[in-house]
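Everything on this sheet refers to the single structure shown next.
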Amino acid sequence: MSAGTGEALAASGGPIVEITGLHKAFGMLEVLKGIDVSVERGEVVCIIGPSGSGKSTLLRCVNVLEEPNSGTVVVNGYELTDPDVEIDKARRSIGMVFQGFNLFGHLSVLDNLTVAQRKVLKRDAGEAERLARENLEKVGLAEKAGAMPEQLSGGQQQRVAIARALSMQPAVMLFDEPTSALDPELVGDVLGVMRRLADEGMTMLVVTHEMQFAREVADKVLFMDGGVVVESGPPTKVIGDPAEDRTKTFLSRVLNPIHAAETD
Amino acid sequence: MPMSPRKRAQAFRGVQYGILVLVVAAMVFFANWEKLGNAFFDLEAMSTQFPGIITTALVNTIIYTGLGFALGLALGLVLALMKLSSVAPYRWIATVYIEFFRGVPALLVFIALGFGVPVAFQIQFDTYSTVAIALGLVGSGYIAETLRAGIQAVPKGQVEAARSLGMSQTRAMVTIVIPQAFRIILPPLTNELILLTKDSSLIYILGLLGTQYELAKFGREGMNATNSMSPILLAGLCYLLITVPLGYLSRHLERRAGRKRDEGLEVTA
């Protein structure tokens with residue numbers, strides 16, 4: 001499939017992320033057992049579930065950091081599972097934020113935001129810097145442009161990582177447990193930035209343990225367990241009034257851990 | 001009566017000082033200082049070595065080492081990438097190469113290159129090329145292992161972040177991984193340079209002309225000419241002129257890297 005027709009297709013209003021029949025195994029261990037997900041433009045989808053349920057693997061299959069064994073992934077008109085796809089080009093429109101931030105340690109905050117703009121998108125230095133500063137402003141770290149990543153707190157590093165992904169002007173943003181590595185008092189700043197991003201209409205796929213965030217910000221929640229999507233729907237339904245027993249058990253453990261431990 | 005640990009440590013320190021004093025005293029009393037002075041510290045014999053020992057020998061040693069290190073670095077980088085390659089035969093070739101050139105004495109490599117290759121392939125390099133290739137081959141094995149360790153020390157997440165921003169594997173390697181690997185391995189790499197400086201003393205085996213002498217050869221020729229050991233001592237001091245500053249540089253880089261890590265920890269803690 002050519003990129004040109006693909007982009008036209010996406011622009012015409014179909015889902016921006018379309019995952020069909022996705023399977024992924026690591027050796028003998030089958031992690032994803034047939035996943036179908038579609039995300040509309042501007043939608044915020046939160047993926048919740050116990051650890052080992054395949055949430056992160058699913059997210060990493062969306063930009064093919066993990067190669068799926070079968071099934072198709074179409075993002076913004078690019079079929080990423082097509083062997084002939086220009087993968088580097090396809091990834092430009094998919095921003096990714098990692099649990100461990102992964103800022104480039106040898107580059108200043110500003111250079112972290114401009115390096116891919118210049119080397120990948122071939123933007124000139126002035127334009128790249130303008131966009132970088134605009135996005136730093138957006139995450140509230142305009143004054144840190146000259147700092148090195150190691151001089152920042154975890155929460156600040158994660159906000160820089162978000163700004164770095166935004167500087168590529170992606171069509172969709174992936175968040176892989178963005179607050180799991182943070183000290184509790186730093187979580188709020190990062191979630192605040194993500195909430196503003198959602199309000200601005202960014203399409204987001206978020207793997208998270210923050211039920212409060214999922215409840216308030218998500219348009220759709222997927223509950224995954226054992227490599228399948230057990231239940232999906234609006235947060236009021238999946239988190240507020242789950243139909244499946246597995247969802248209920250998981251939620252009771254997450255929302256009330258002390259009580260759940262007693263009744264185990 | 002058993003001594004307390006503190007008393008014991010004190011007594012042990014005393015013994016160490018005692019040994020030191022004894023050794024120094026023995027050297028002072030028993031060494032033949034007059035003969036030693038005549039043989040090694042003959043200033044007249046030393047003065048005949050100037051300015052050649054600086055303008056020719058020291059300069060040549062630096063040029064040979066520099067050329068060899070540059071080639072060793074280029075070769076080492078290729079080998080390190082081969083060793084990390086997903087193509088198995090590349091890994092095997094790199095492993096065999098590294099094991100071979102790390103395990104064989106430099107002198108043998110020089111002999112093989114200086115006499116074996118011209119016979120085998122009917123080609124004759126000029127001296128500078130031969131020296132650069134010889135030292136490059138010897139250095140590349142060590143440098144490759146250092147580089148590989150450096151590249152592997154860069155967290156995998158760095159490549160993932162780069163790829164997720166649309167960089168190709170090569171672009172991510174060049175722009176993100178290798179610069180960070182070099183920051184990690186700068187101190188051990190400086191040590192490789194010191195080792196290579198000393199290995200350059202073995203290239204006399206290739207048969208050098210007078211203007212091509214490096215320090216060790218120059219010193220030995222001076223020894224023959226003046227009938228004194230002093231020129232070789234002078235040559236030794238000239239090596240220190242190169243290696244001691246490099247050692248300081250290495251320690252400085254190590255301290256700086258260490259301080260950066262500590263600062264990093266402090267801020268995130």
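A few notes on this one:
- Any chance B:Leu107 is open to solvent by 60 Å² or more (accessible area, probe 1.4 Å) and not acidic (Asp, Glu): no
- Within the stretch A:167-187, being open to solvent by 50 Å² or more (accessible area, probe 1.4 Å) and either over 24 Å from A:Gly77 (Cβ atoms) or out of contact with any Lys or Arg (no Cβ under 9 Å at 6 or more places or on another chain) (or both) holds for A:Ser180, A:Ala181, A:Asp183, A:Pro184, A:Glu185.
- Residues in the stretch B:113-152 that are within 14 Å of B:Tyr204 (Cα to Cα), open to solvent by less than 30 Å² (accessible area, probe 1.4 Å) and at pLDDT below 90: B:Leu113, B:Gly114, B:Thr130, B:Val131, B:Ala132, B:Ala134.
- Any hit, the stretch A:198-208, residues being crowded, with 21+ Cβ neighbours inside 10 Å, within 14 Å of another protein chain (Cβ to nearest Cβ) and either touching a His at 6+ places or on another chain (Cβ under 9 Å) or under 25 Å from A:Val109 (Cα atoms) (or both): yes
- Residue check: B:Gln124 meets all listed conditions (1) touching a helix residue (DSSP H, G or I) at 6+ places or on another chain (Cβ under 8 Å); (2) without any contact (Cβ under 8 Å) to a residue 24 or more places away in the chain; (3) assigned to a helix (DSSP H, G or I); (4) away from every other protein chain (no Cβ under 14 Å) but one, namely (3).
- Residue within the stretch A:202-215 that is more than 30 Å from A:Leu136 (Cβ to Cβ), of a type outside the set (Asp, Glu) and assigned to a helix (DSSP H, G or I) present: no
- Enumeration of residues in the stretch A:140-161 that are in a helix (DSSP H, G or I) and open to solvent by 20 Å² or more (accessible area, probe 1.4 Å): A:Ala142, A:Glu143, A:Lys144, A:Glu150, A:Gln151, A:Gln156, A:Gln157, A:Arg159
- Checked against (1) part of a helix (DSSP H, G or I); (2) under 12 Å from A:Leu205 (Cβ atoms); (3) open to solvent by less than 30 Å² (accessible area, probe 1.4 Å), A:Asn112 meets all criteria but (2).
- The single condition from (1) away from chain B (no Cβ under 14 Å); (2) open to solvent by 50 Å² or more (accessible area, probe 1.4 Å) that A:Arg118 fails is (1).
- Number of the condition not met by A:Arg164 [criteria: (1) open to solvent by less than 40 Å² (accessible area, probe 1.4 Å); (2) in contact with an Asp or Glu (Cβ under 9 Å, 6 or more places away or on another chain)]: (2)
- Within the stretch B:20-37, the set of residues being open to solvent by less than 100 Å² (accessible area, probe 1.4 Å) and assigned to a helix (DSSP H, G or I) comprises B:Val21, B:Val23, B:Val24, B:Ala25, B:Ala26, B:Val28, B:Leu36, B:Gly37.
- Any hit, the stretch A:140-153, residues being away from every other protein chain (no Cβ under 12 Å), of a type outside the set (S, T, N, Q) and within 14 Å of the chain's Cα centre (by Cα): no
- Inside the stretch B:153-173, residues that are more than 7 Å from chain A (Cβ to nearest Cβ) and either open to solvent by 50 Å² or more (accessible area, probe 1.4 Å) or not in a helix (DSSP H, G or I) (or both) make up a count of 6.
- A:Ser53 being under 17 Å from the mean Cα position of the chain (by Cα), modelled with pLDDT under 95 and within 30 Å of A:Leu141 (Cα to Cα): no
- Members of the stretch A:80-103 found to be within 9 Å of chain B (Cβ to nearest Cβ), of a type in the set (A, V, I, L, M) and part of a loop (DSSP other than H, G, I, E, B), listed by number: A:Leu103
- Evaluating A:Phe26 against the criteria (1) among the hydrophobic types (A, V, I, L, M, F, W, C); (2) within 24 Å of A:Asp219 (Cα to Cα); (3) modelled with pLDDT of 90 or more; (4) surrounded by fewer than 14 Cβ atoms within 10 Å (Cβ to Cβ) leaves one unmet condition, (2).
- Condition met for B:Phe100 (within 29 Å of B:Glu214 (Cα to Cα), open to solvent by 90 Å² or more (accessible area, probe 1.4 Å) and not in a helix (DSSP H, G or I)): no
- In the stretch B:39-51, residue farthest from B:Lys217 (Cα to Cα) [restricted to those that are open to solvent by less than 100 Å² (accessible area, probe 1.4 Å), of a type outside the set (A, V, I, L, M) and in contact (Cβ under 8 Å) with a residue 12 or more places away in the chain]: B:Asp42
- Count of residues meeting criterion [assigned to a helix (DSSP H, G or I), open to solvent by less than 50 Å² (accessible area, probe 1.4 Å) and of a type outside the set (Gly, Ala, Ser)] in the stretch A:122-139: 3
- Scan of the stretch B:248-268 for residues that are modelled with pLDDT of 85 or more and surrounded by 14 or more Cβ atoms within 10 Å (Cβ to Cβ), ordered by number: B:Leu249
The values are calculated or read from the model by the stated rules, or taken from the named source; none is laboratory data. Given the structure is predicted, the values throughout are model-derived calculations rather than measurements. Methodologically, a virtual Cβ is constructed for each residue, glycine included, from the backbone with ideal geometry; neighbour enumeration extends over all protein chains shown. The area values use the complete protein model at the heavy-atom level, side chains included, leaving out ligands, DNA and RNA. Shrake-Rupley method; radii C 1.70, N 1.55, O 1.52, S 1.80 Å.
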